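These notes concern the structure reproduced below.
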Amino acid sequence: MVMTAHVKPLTDFTARDFRMLIDGAWTEGAGNVIERVAPGHGVTVSRYPAGTKADAGRAIAAARHAFDDGSWPRMTGAERSNILLKAADIIAARADDLAFLDCIESGKPISQAKGELAGAADIWRYAAALARDLHGESYNTLGQGTLGVVLREAIGVVSIITPWNFPFLIVSQKLPFALAAGCTAVVKPSELTSGSTLVLGEILIEAGVPAGVVNILTGTGPEVGSVMTTHPDVDMVSFTGSTGVGRLTMANAAQTLKKVSLELGGKNPQIVFPEADLDAFVDAAVFGAYFNAGECCNAGSRLILHRSIAGEVTARIAELSKKVKVGDPLDPATQVGAIITPQHLEKIGGYVDGAAKAGASVALGGAALDLGLGQFMAPTILSGVTPDMAVAREEVFGPVLSVLTFETTDEAVRIANAIDYGLSAGVWSRDFDTCLTIGRRVRAGTVWMNTFMDGASELPFGGYRQSGLGRELGRHAVEDYTETKTFNMHIGARTGWWMQR
């Protein structure tokens, strides 16, 4: 039996009304209003303008003007860095408010949301440091008559589109690096979780970011996102979300051959050998499966266990999973919060039912939980899963753990790679040769060895295959928002084949 706690109603709570940020001014926009109902409490908590195509056009025009004629791209790296550092300080000072917004709009636990805000502030500080480190190259080896210099210049206007599962953290993995490079931006958060990104607009104004450099739109993908990904005045699109929408984004951007950065889905394996530290692994497996209610592209949703330990390990994971507390997102003790929408909860349940019909066994959970308010899913373990099942190949995006087994290293690698995704993977063994062998053969952007879902601002993040294009974070993150320009300089008199001397 999983630990649960009923949800307390939000009493004396007034929904917040937000406006969009276009060219330094807050606006209601030309459309209707989007109301966000808290997934964990069942009441309206936020209202945003439903942005229109016209609003998107105005935001892009503002960003274009700010880039072509404004001060931001022409500042020194130190000047931009100082503003980003101010923003980081204000983010840290307002972390409780931002975490509260992410908690009630997404359903994530408040303790987790506060941890994400601390991580986000660190990313802004790291990007600020990179603003001063961005540099080109010089070539003094091309002969007496030639000097080559390669410049890095900001790419221009960037459309940034972010998802609902990590509202503030993911915009912080994109926007500060674009700003550090000297770009201007139009940002569209998910219409389900726009609040904290709009507050970020207030923070950036306070920090000194000039008008038009950052514009924040609210609304749907078909109405606002379609303009942001096709408009000829946009130079680059950075998108995080589902693989399906990522394909559409790439197709839209292809119309004007924009640069595209995509961070998409994942179906991440953890491969476990008998000699592993099983105590450490069981803890990491539970965390990797249920963190953010499994609504995480990096979720360790696919365990690939050596057959000799599969029964014992699955039983231990089930016992620890029963201690995971599911309940009110605003309770600091909650570990698994609400599912983002009723429709998504139904989708998760469909995957579990489909796996059971295909022959898998439900070792734990498997159904929705009634906690009085909102929508919740019990932490679920499916054993006897085979690689051909949908639950083993597709992204469930919920607290559902699939258990598969292997006999040989080759079989483990084959199972791990036999899907369309390649975002991350884990390998567990006290034999480090085994870890390195698996790590080099598994096709994934991040491979954790004897841990899972650790991260740092310094380490690049992104995936292989249908998990995306490009990398976020790391020391080269700012470079993704630049173009290179070659200066080929001739020294002294020049002669040519048609100009004999």
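Any residue at all in region 149-156 that is open to solvent by less than 10 Å² (accessible area, probe 1.4 Å), more than 19 Å from E206 (Cβ to Cβ) and in contact (Cβ under 8 Å) with a residue 40 or more places away in the chain? There is at least one residue in region 149-156 that is open to solvent by less than 10 Å² (accessible area, probe 1.4 Å), more than 19 Å from E206 (Cβ to Cβ) and in contact (Cβ under 8 Å) with a residue 40 or more places away in the chain. Evaluation of D96 against the conditions (1) in a helix (DSSP H, G or I); (2) under 23 Å from the mean Cα position of the chain (by Cα); (3) touching a residue at least 40 places away in the same chain (Cβ under 8 Å); (4) more than 27 Å from L459 (Cβ to Cβ) shows that the sole unmet condition is (3).
Scanning region 242-256 for residues that are among the hydroxyl-bearing types (S, T, Y) and within 23 Å of N165 (Cβ to Cβ), which turns out modelled with the highest pLDDT?
From region 242-256, those among the hydroxyl-bearing types (S, T, Y) are 242-243, 249, 256; that's our starting set.
Then drop every residue that is not within 23 Å of N165 (Cβ to Cβ), which leaves 242-243, 249.
Working: S242: 93, T243: 93, T249: 96.
In this case the residue turns out to be T249.
Yes/no per residue for (1) in a loop (DSSP other than H, G, I, E, B); (2) farther than 30 Å from V234 by Cβ:
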| site | (1), (2) |
| --- | --- |
| L262 | no, no |
| G266 | yes, no |
| A285 | no, yes |
| G288 | no, yes |
| F291 | no, yes |
| C296 | yes, no |
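Results for (1) in contact (Cβ under 8 Å) with a residue 60 or more places away in the chain; (2) on the phi < 0 side of the Ramachandran plot, shown as yes or no for each residue.
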{"site": "T4", "(1), (2)": "yes, yes"}
{"site": "T14", "(1), (2)": "no, yes"}
{"site": "L21", "(1), (2)": "yes, yes"}
{"site": "E28", "(1), (2)": "no, yes"}
{"site": "E35", "(1), (2)": "no, yes"}
{"site": "G42", "(1), (2)": "yes, no"}
{"site": "Y48", "(1), (2)": "yes, yes"}
{"site": "G51", "(1), (2)": "yes, yes"}
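One residue alone among V234, V227 is at pLDDT 95 or above and outside any loop (DSSP other than H, G, I, E, B), and that residue is V227. Would you say G77 is small (G, A, S) and open to solvent by 10 Å² or more (accessible area, probe 1.4 Å)? Here the answer is yes, as G77 does meet what is asked.
Selection of region 100-127 for residues being over 16 Å from the mean Cα position of the chain (by Cα), buried (at least 24 other Cβ atoms within 10 Å of the Cβ) and small (G, A, S) yields G107, A127. Of the residues making up region 1-23, those that are surrounded by 22 or more Cβ atoms within 10 Å (Cβ to Cβ) and either at pLDDT 95 or above or closer than 28 Å to V214 by Cβ (or both) are F18, M20, L21, I22. Within region 216-247, the set of residues being polar (S, T, N, Q), in contact with an Asp or Glu (Cβ under 7 Å, 6 or more places away or on another chain) and crowded, with 17+ Cβ neighbours inside 10 Å comprises T218, T240.
Listed by position, the strands (runs of 3 or more DSSP E) enclosed by region 1-63 that each have at least 2 residues that are more than 20 Å from D97 (Cα to Cα) are 25-27, 33-37.
Can you tell me which residue in region 259-274 is nearest to F432 (Cα to Cα), limited to those that are out of contact with any Ser or Thr (no Cβ under 6 Å at 6 or more places or on another chain) and open to solvent by 20 Å² or more (accessible area, probe 1.4 Å)? Before the answer, list the steps.
Initially, region 259-274 is screened for residues out of contact with any Ser or Thr (no Cβ under 6 Å at 6 or more places or on another chain), giving 259-260, 262, 267, 269-272.
Retained after the next criterion (residues that are open to solvent by 20 Å² or more (accessible area, probe 1.4 Å)): 259-260.
On the way: K259: 39, V260: 37 Å.
Per the criteria, the residue is V260.
Residues in region 24-56 that are of a type in the set (D, E, K, R) and either in contact with a Lys or Arg (Cβ under 7 Å, 6 or more places away or on another chain) or open to solvent by less than 80 Å² (accessible area, probe 1.4 Å) (or both): E28, E35, R36, R47, D55.
For region 285-309, give me each residue that is farther than 21 Å from L345 by Cα, open to solvent by 10 Å² or more (accessible area, probe 1.4 Å) and in contact (Cβ under 8 Å) with a residue 60 or more places away in the chain.
From region 285-309, those farther than 21 Å from L345 by Cα are 285, 303-309; that's our starting set.
Those left that are additionally open to solvent by 10 Å² or more (accessible area, probe 1.4 Å): 306-309.
Passing the criteria: H306, R307.
Only a single item in (1) within 23 Å of A444 (Cβ to Cβ); (2) open to solvent by less than 10 Å² (accessible area, probe 1.4 Å) is not met by M250, and it is number (2). A search for C-beta distances below 8 Å between a residue of region 207-227 that is more than 14 Å from A66 (Cα to Cα) and polar (S, T, N, Q) and any residue that is open to solvent by 10 Å² or more (accessible area, probe 1.4 Å) and assigned to a loop (DSSP other than H, G, I, E, B), counting only pairs 6+ apart in sequence or on different chains, returns T218/F18; T218/G29; T218/A50; T218/E191; T220/A50; T220/E191. Please find, within region 179-204, the residue that is surrounded by the fewest Cβ atoms within 10 Å (Cβ to Cβ) out of those that are more than 18 Å from the chain's Cα centre (by Cα) and small (G, A, S). Top of the filtered list is G201. At least 3 residues being over 25 Å from G468 (Cβ atoms) is the threshold, and among the strands (runs of 3 or more DSSP E) wholly inside region 379-454 those reaching it are 380-383, 400-406.
Looking at region 163-178, can you tell me whether even one residue there is at positive phi, out of contact with any Gly (no Cβ under 9 Å at 6 or more places or on another chain) and open to solvent by 10 Å² or more (accessible area, probe 1.4 Å)? Within region 163-178 (the criterion being at positive phi, out of contact with any Gly (no Cβ under 9 Å at 6 or more places or on another chain) and open to solvent by 10 Å² or more (accessible area, probe 1.4 Å)), the answer is no, since none of the residues qualifies.
For (1) touching a helix residue (DSSP H, G or I) at 6+ places or on another chain (Cβ under 8 Å); (2) closer than 27 Å to P167 by Cβ, each residue gets a yes or a no:
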site: A315; (1), (2): no, no
site: L320; (1), (2): yes, no
site: P329; (1), (2): yes, yes
site: P332; (1), (2): yes, yes
site: Q335; (1), (2): yes, yes
site: A338; (1), (2): yes, yes
site: L345; (1), (2): no, yes
site: G359; (1), (2): no, no
site: A363; (1), (2): yes, no
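Would you say Y139 is surrounded by fewer than 17 Cβ atoms within 10 Å (Cβ to Cβ), at negative phi and over 16 Å from the mean Cα position of the chain (by Cα)? It is true that Y139 is surrounded by fewer than 17 Cβ atoms within 10 Å (Cβ to Cβ), at negative phi and over 16 Å from the mean Cα position of the chain (by Cα).
Pairs are defined by a Cβ separation below 7 Å, a sequence spacing of at least 6 or placement on different chains, a first member in region 68-79 that is part of a helix (DSSP H, G or I), and a second member that is open to solvent by 30 Å² or more (accessible area, probe 1.4 Å) and among the basic types (K, R); the pairs so defined are G77/R132; A78/R132.
The values are calculated or read from the model by the stated rules, or taken from the named source; none is laboratory data. Not measured: the values here are computed from a predicted model. Note that each Cβ is placed from the backbone with ideal geometry, even for glycine, and that neighbours are counted across all protein chains shown. Heavy atoms of the whole protein, side chains included, go into the accessibility calculation; ligands, DNA and RNA do not. Shrake-Rupley method; radii C 1.70, N 1.55, O 1.52, S 1.80 Å.
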